[in-house]
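Throughout, read-outs are computed from the coordinates displayed, never taken from laboratory work. Being a predicted model, the structure only gives us computed values, none of them experimental. A quick note on method: Cβ atoms are made from the backbone with ideal geometry, for glycine too, and the neighbour counts reach across all protein chains shown.
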Protein chains: 2
Amino acid sequence: MAGKNALYAQSGGVTSVINATACGLIQAARRHPDRIGKVFAGRDGIIGALTEDLIDTSLESDADIARLRYTPSGAFGSCRYKLKGIDQHKAQYERLIEVFKAHDIGYFFYNGGNDSMDTAWKVSQIAEKLGYPLVCVGIPKTVDNDLPVTDCCPGFGSVAKYVATSMREAGFDVASMARTSTKIFVLEVMGRHAGWITAACGLASEGEGQPPHILLFPEIPFDPERFIARVQECVERFGYCTVGVSEGLCDAAGNLIAEAGGKDAFGHSQLGGVGQVVAQLIKDKLGHKYHWALADYLQRAARHIASKTDVDQAHALGERALELALAGRNAVMPTIVRLADTPYRWEIGVADLKNVANVERKMPPEFITADGFHITDACRAYLCGLIEGEDPPPFRNGLPDYVRLKNAAVTKKLGEFKV
Amino acid sequence: MAGKNALYAQSGGVTSVINATACGLIQAARRHPDRIGKVFAGRDGIIGALTEDLIDTSLESDADIARLRYTPSGAFGSCRYKLKGIDQHKAQYERLIEVFKAHDIGYFFYNGGNDSMDTAWKVSQIAEKLGYPLVCVGIPKTVDNDLPVTDCCPGFGSVAKYVATSMREAGFDVASMARTSTKIFVLEVMGRHAGWITAACGLASEGEGQPPHILLFPEIPFDPERFIARVQECVERFGYCTVGVSEGLCDAAGNLIAEAGGKDAFGHSQLGGVGQVVAQLIKDKLGHKYHWALADYLQRAARHIASKTDVDQAHALGERALELALAGRNAVMPTIVRLADTPYRWEIGVADLKNVANVERKMPPEFITADGFHITDACRAYLCGLIEGEDPPPFRNGLPDYVRLKNAAVTKKLGEFKV
């Protein structure tokens, strides 16, 4: 007789490798038909779980599940929806248990960032309190790389590879045109609170004068005068200046620089666009022509240039999450444990969810140079393994051939529930 | 005894494959040491030629020249510098001939877009007039794909592949988040006068409802009401809406939409950012949360996702240019001739420079759907071959391993010349 069913849900901003985790988990489950029943997925994450909108992944072929390994985004849908404390949202937690009961779900996998690990931990607690037998396993995911305990977060390595590649390529472009045209190039990348992605831009540079020349981290308050002086120094020495800037860059008072961007044609505050704000500042103060790029979703969806290390880790975490569940390990999260920097070696470890939930990991100060404008060798040693290796998807008609699953719904057994 | 030397110069905005053309040309020259001397390159394009700032490519190893095939940007530097008519700029044309004489240059290769083909043609005329024996060959290059006669322009196919890939990837991302988060995504791409790159975004879609849902071409005056209605229709039918927009989008009066973007914090007109303008318009009218991306230089420098067809064509055009020169074919440009759409087959042809110079090729009306918001099957048939095939560069330490040449200067023989 098969064991209990499982529920897998994706949470928060998606990445280019979160489906590799789903792939690893579902493949591992299919290797144990005697011990685990069906793997259901929440349609649009935890909202699907709450509304009993479940996807039956057993209807997808082995071949299509394998294709998840190289398909970006959340194949079952994700959502931005945070369950609050059990006291405030008790009905929601109880509803989850009700859905689990109705569909004979004994394993719950929540694949997300900080908030999701907190939710997973709370679900494990309420199940225990209500006497419902459930094994609850969190699985890390976030391009922000800000989860504690784990060496890194799946999704980050591929964004890192994308931004470093893009910065190197744009840097070559600007260098070859700078004499008569654009002298300033600014690339704006993600990272509201932590500068990990901005730091990754720095990997593009391997020697004196190579792009990027300046990095602007959210951890370092923006000082326009020091910045402008450094830009001018770069233009004088190298003929041009390239800048990587975090969307979360703040001034000394903690205000987002992007929000200083004035009003648009419709009278609204300009959101985002810190890249343009700093580029325009250079134009105003120094007169140099600029270009700027806003990578936005392109960076976290760029599966075509994913890091093989990142894909391998994402897949292995999915597999291990399933194994931990089968071993009855409740309220845990598989992690990446670093064994060596160069060459990078890693293995999977295990953390207690309560030690992960709601802890945000920032860049260590020793990863940023004393002047605040670049990364240190210690930072390079940390980052370089995470972008190692290529794992291109198959192409068809000149474009990446990503899978679109059937995502057939499981028949509902309960009444409606408003979220 | 070796033949005359050659001068090769890159011109205008660089691409991810212009160095593949340089590679093909220099490799072909090295196969004929009995018929052609050294290949010099103008440092920063025609400015290097005018100022006698020449690079001796014979000092680069065969291995490094081979690496040019997969290195984006202009390896010898390019410039935005247009020589005007011979009457206005006669001294400059005469100076060029003087530099050619001083360095025994009998072959001049100018690798660029419309303006450059015009310059190449004028140089061929003045050489004849002054009785200086010169074979002058233009070589096409432009991501804008707006040169006449040739089937396509080297550089465009790779940008096309990049924007279609990026649109597909971002589309997957948005689809998976749309229920509770971003419903609108806008990708702004290059193309001031012609919508070729915007059209290429459309290749990401292979069926009803797939991104991109709407394309905004510079050829079609922007009608905000029709646009907003279509966006709302997409959100209702598919749950989200993705848009590809050309930087050159104009209103019915011919004004650039980007310039309607209001003032920034410093009181300056906001340049660029048409993507944000249309995204914000959606937010204002329909209230949907948006994200937007500005690919900027990332698109034309993205050698990591170059089209193999494009790379092969760029390389073949460089080889053929050299062969045409050795055959004494003055004032011509090698072209791409299309033999079949599917599968795409092509060969190299030859055009007279005077038929290419200053003619701009726009998108044919039959390539845009009747509603103005997407591409037709005829357009797909034209585009699909151009993005066919992958040709990734080698990677080192997780990043593309592009070459930086020595670019040693040739000893000057003439006095200074102001440009």
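Listing for the model above:
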| read-out | value |
| --- | --- |
| Potential lengthening between residue A:284 and residue A:397 on full extension [0.36 nm per residue; Cα-Cα distance subtracted] | 36.1 nm |
| Region B:156-301 - share of DSSP beta bridges that are antiparallel (%, nearest 5) | 10 percent |
| Unit charges on C-beta of K, R, D, E only; dipole of the protein assembly as shown, Debye | 280 debye |
| Of A:282, A:14, A:135, farthest towards positive along the dipole that unit charges on Lys, Arg, Asp, Glu beta carbons give chain A | A:135 |
| For region B:1-65, size of Cβ-based charge dipole, Lys and Arg +1, Asp and Glu -1, in debye | 280 debye |
| Charge dipole of chain A about the Cα centre (unit charges at C-beta), most positive-ward option of A:257, A:40, A:244 | A:40 |
| Coordinate range along principal axes, alpha carbons of chain A, Å, largest first | 74, 42, 41 |
| 3J(HN,Hα) from dihedral phi, region B:146-157, Karplus parametrisation 6.51/-1.76/1.60, rounded to Hz, x for glycine, proline | 10, 7, x, 6, 6, 4, 7, 10, x, x, 5, x |
| Cα-based equivalent ellipsoid of the protein assembly as shown: semi-axis lengths in Å, sorted from largest, via gyration tensor | 51, 27, 26 |
| Crossing angle, helix B:308-326 versus chain B [Cα axis fit, 0-90 degrees, rounded to tens] | 20 degrees |
| Positive dipole terminus of chain B, leading residue within B:357, B:370, B:395 (C-beta point charges) | B:395 |
| Highest to lowest packing among A:334-343, A:19-28, scored as the average C-beta count within 10 Å | A:19-28, A:334-343 |
| Label geometry 7 Å along the beta-carbon vector: residue B:102 inter-copy distances in nm | 8.5 |
| Shielding by other protein chains, B:69-78, mean Cβ within 10 Å | 4 |
| Residue closest to axis [chain B; rotation mapping onto A; Cβ; Å] | B:294, 2 |
| Ranked list, fewest to most other Cβ atoms within 10 Å of each Cβ, for B:186, B:410 | B:410, B:186 |
| Share, in percent, of DSSP beta bridges within chain B that are antiparallel, nearest 5 | 40 percent |
| Mean residue ellipticity (222 nm) of the protein assembly as shown, computed from DSSP H runs ≥ 4 via -39,500 (n - 2.57), nearest 500 | -10500 deg cm²/dmol |
| Dipole moment magnitude, nearest 20 debye, region A:156-301 about Cα centre, only Lys, Arg, Asp, Glu C-beta charged | 260 debye |
| Largest-first principal axis extents, alpha carbons of region A:156-301, Å | 38, 36, 28 |
| Cα long-axis angle, helix B:18-30 against chain B (0 to 90 degrees, to the nearest 10) | 30 degrees |
| Highest to lowest packing among B:77-83, A:303-309, scored as the average C-beta count within 10 Å | A:303-309, B:77-83 |
| Averaged over B:409-419, number of beta-carbon atoms from partner chains that fall within 10 Å | 0 |
| Helix A:114-129 axis, angle to chain A major axis (alpha carbon atoms, nearest 10°) | 20 degrees |
| Ascending list, in nanometres, of distances separating the residue A:401 label from those of the other copies (7 Å, Cα toward Cβ) | 2.9 |
| Long pairs among A:90/A:122; B:141/B:161; B:38/B:418; B:38/B:406; B:84/B:412; B:101/B:413, criterion Cα-Cα beyond 20 Å | B:38/B:418; B:84/B:412 |
| For residue B:135, residues with placed amide H under 5 Å, excluding near neighbours | B:107, B:108 |
